[in-house]
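Before any comments, here is the structure.
The values are calculated or read from the model by the stated rules, or taken from the named source; none is laboratory data. Computed from a prediction, not measured in an experiment: that's the story for all the values here. Cβ coordinates were reconstructed from backbone atoms using ideal geometry, including for glycine residues, and neighbour counts include every protein chain displayed. These area figures cover heavy atoms from the full protein model, side chains too; ligands, DNA and RNA do not enter into them. Shrake-Rupley method; radii C 1.70, N 1.55, O 1.52, S 1.80 Å.
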Amino acid sequence: MVRSRDRQTPVETLEPVAGNGLIDRRALLGRGMVLAGAMSTGIGPASAAAEPLADDPWSLEVGDPMPPYQGPSKFEAKVVRTLSNPNNEPRNSHARTPHHLLEGTITPNGLHFNINHGGVPNIDPEKHRLVIHGLVKQPTEFTLDTLSRYPMVSRVTFIECGGNSAPLFSPEPLQENIQALHGLVSCAEWTGVKLSTLLEETGIDPRAKWFVAEGADSPHLSRSVPVKKALDDAMIALYQNGERLNPGNGYPMRLLLPGYEGNMNVKFLRRIKLVEQPAMSYYEARTYSQILPSGKAYRFYFLQEVKSFITRPSHGMALKGPGLYEISGLAYSGNGRIEKVMVSADAGQSWAQAALQEPVLSKAFTRFRMPWRWDGGPATLQSRAWDEAGNVQPTRAEFVATRGELAKKPPVLAFPNQHFNSITSWGVASSGEVAHVYA
C-alpha cells in the first residue's frame, strides 16, 4: 500500500505514463502519493509487535569516544573511491567517485574524484605563493593569508574530467559499474575569492585575451583560459564543503572554472600569467585534444556538455523481484541549469519526465527521480537531459556520428578520447541483474 496525503492509494491503481511501467513523476512531488515502504520490492516495512523493543548489544554498553575529526561509520567501509595507482608510481593516478553508493547532489570531500599527474604534493601553506603577472599593470604576489582578507564567495558546482565516461567510446559496452564509467565527476560547495576581484587589483592590459594557469605540482600542469572566463565566474578556491581543500583537490588553493573541463581547474595554483595567445602547452596541445572523425582536432572546446546517467539501478545491482522501485540519477551541464530529464524503461521507445530534486542550481549536480513499477520482464533504462540553454543530451548514434568511437574494445579502462556525454543504458534481465548495454 502507498499512502497519499489524504487517502491510501493502492500501487496497482497508479497509471503508467510511458512504456514498461514508468509512473507519473508527480507521484514523487506530493501530488498523488508519498512513496514509502512500497518502494523497492513492493514489500512494506515489518509490522511492529506489541512487545517492548529488545535492546541490541550497542544499547547495553558505552560507545566509542568522540574523535577530534569524525569519519564515516565502520559499516560504511565499502563506500570508497577506486584507485588506478594505489602505489603512487610516477604516472597519472585516478580516484573515482562511487555514485551508486551516494545520494543527494554534494560529494563528500574524501570521495570527490581526483586526477593527479605527479602525485599529491605536500605544500606548506605558509610558504606557498600565487603570482599574477604578464600583461597586467601591477604584478602582484598573494599569500594564503592575503587571500583570506578578500571578500569570500561560495558556489556549488561540479568538476568533471574531460575524459570522464570515455570507456563508452568502446564499440562494445564494457561490463563495468558506474564508478568505472562515470566516476570522474563530482560536485561540491567551493568557497574562495573571485579571480575578477584580484584582477581589479593588478589591472589588465587591453592586449590580454588569455591567461595561463600553472600548478605547483611536479609536472607544473598548465592550461590556457580565456580572460572573459576570469571576469565571469572564475574563482581561487580555498575551501571545499566548508573545510580547507583536500590535498588531492589542490590544497592550499586551486583555480575553479565552473562548467569547464576538469584539467583546466588547475590545482596547487601558483601562477596566473596574462597573455595575448594561448600557450599551446603539453596538456592542451596533445593530451586534451582528441582527433575527430573529420580529421580535425577537438581543441579549445572547454564546456562540459549536458549529461545525465542513472545511478540506481545500475550495473552490478540486482532487483529483488517485481514491484515498485525508484529510478534515480544525476544530471548536469556546463551551460547552466538542468531544465528537464526524461527517463525511458523500454530503450527509448517511450519517455516520461522525471522529478527534479530541489535545489536546481546552475552548473551543479541535479538529482532526478522517477517511480517505476517493474513487472519482472526485461527492461532497458535510460535518462536524457536538457539544459536551460536548450541543449539536449545526444543518443549514442548521434554522438558516434559526430565524435567517433574506438576501432576495437580496449583491454583496460584507459582512453585518449574526451567529452563523452551521450545516453547511458542499463539492461535489466528477468533475473533482476543489471548490465551495461548499448541501445
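For the chain, with every protein chain kept in place, what is the accessible area per residue (1.4 Å probe, Å²)?
47 Å²
Quick check: the distance between the Cα centres of segment 132-196 and segment 277-321, to the nearest angstrom?
Result: 15 Å between the Cα centres.
Tell me, what HN-Hα J-couplings in whole Hz come from the Karplus equation 6.51 cos²θ - 1.76 cosθ + 1.60 at θ = phi - 60° for each residue of segment 124-141, using x for Gly and Pro?
6, x, 6, 9, 6, 9, 10, 10, 10, 8, x, 7, 10, 7, 9, x, 9, 10
Using a cut-off of 15 Å between beta-carbons, work out the net charge of the residues near residue 216 (Lys and Arg +1, Asp and Glu -1, residue 216 not included).
Numbers: positive: 127, 129, 223, 254, 267, 270, 271, 273; negative: 124, 126, 141, 214, 217.
Around residue 216, the charge tally is +3.
Quick one, which of [x] 25.3; [y] 21.8; [z] 26.4 is the actual mean projected area of the Cα convex hull in nm² calculated for this model?
Calculated mean projected area of the Cα convex hull in nm²: the matching label is [x].
Carbon-plus-sulfur fraction of the accessible area of segment 184-237, 1.4 Å probe, in percent?
Exposed carbon and sulfur together represent 47 percent of the surface.
Starting with the highest mean, order 196-203, 307-314 by the number of other Cβ atoms within 10 Å, averaged over the residues of each peptide.
Result, highest mean Cβ count within 10 Å first: 307-314, 196-203.
Dividing the convex hull volume of the Cα atoms of segment 39-177 by its residue count, what figure in Å³ per residue is obtained?
That works out to 297 Å³ per residue.
So what is the relative contact order for segment 309-407, in percent, with contacts set as C-alpha pairs under 8 Å and at least six apart?
32 percent
What is the sum of charges, Lys and Arg at +1 and Asp and Glu at -1, for the other residues whose Cβ falls under 10 Å from the Cβ of residue 265?
+1
Going by average Cβ density within 10 Å per residue, which order do the peptides 104-111, 145-152, 183-190, 66-73 take, highest to lowest?
183-190, 104-111, 145-152, 66-73
Hey, got the dipole for segment 57-141? About the Cα centre, +1 on K and R Cβ, -1 on D and E Cβ, debye to the nearest 20?
My answer is approximately 400 debye.
Output the peptides 373-381, 293-301 sorted from most to least packed, where packing is the average of other Cβ atoms within 10 Å over each peptide's residues.
373-381, 293-301
Which value, in debye to the nearest 20, describes the size of the charge dipole of segment 108-186 about its Cα centre when Lys and Arg Cβ atoms bear +1, Asp and Glu Cβ atoms bear -1, and nothing else is charged?
It comes to approximately 400 debye.
Let me have the relative contact order for segment 335-379, percent, based on Cα pairs under 8 Å that are six or more residues apart.
36 percent
Which of the lysines could be linked to residue 127 by a straight reach, that is with a Cα gap under 26 Å, when you skip same-chain ones fewer than 8 residues away?
Cross-link targets: 137, 194, 267, 273.
Let me know the charge dipole size of the chain about its Cα centre in debye, to the nearest 20, where only the beta-carbon of Lys, Arg (+1) and Asp, Glu (-1) is charged.
Dipole about the Cα centre, nearest 20: 1180 debye.
Given the whole protein assembly as supplied and a 1.4 Å probe, what does the accessible area of residue 99 come to in Å², nearest 10?
Its accessible surface works out to 10 Å², give or take rounding.
Using the Kirkwood formula over every pair of different C-alpha atoms, what hydrodynamic radius in Å results for segment 325-365?
11.3 Å
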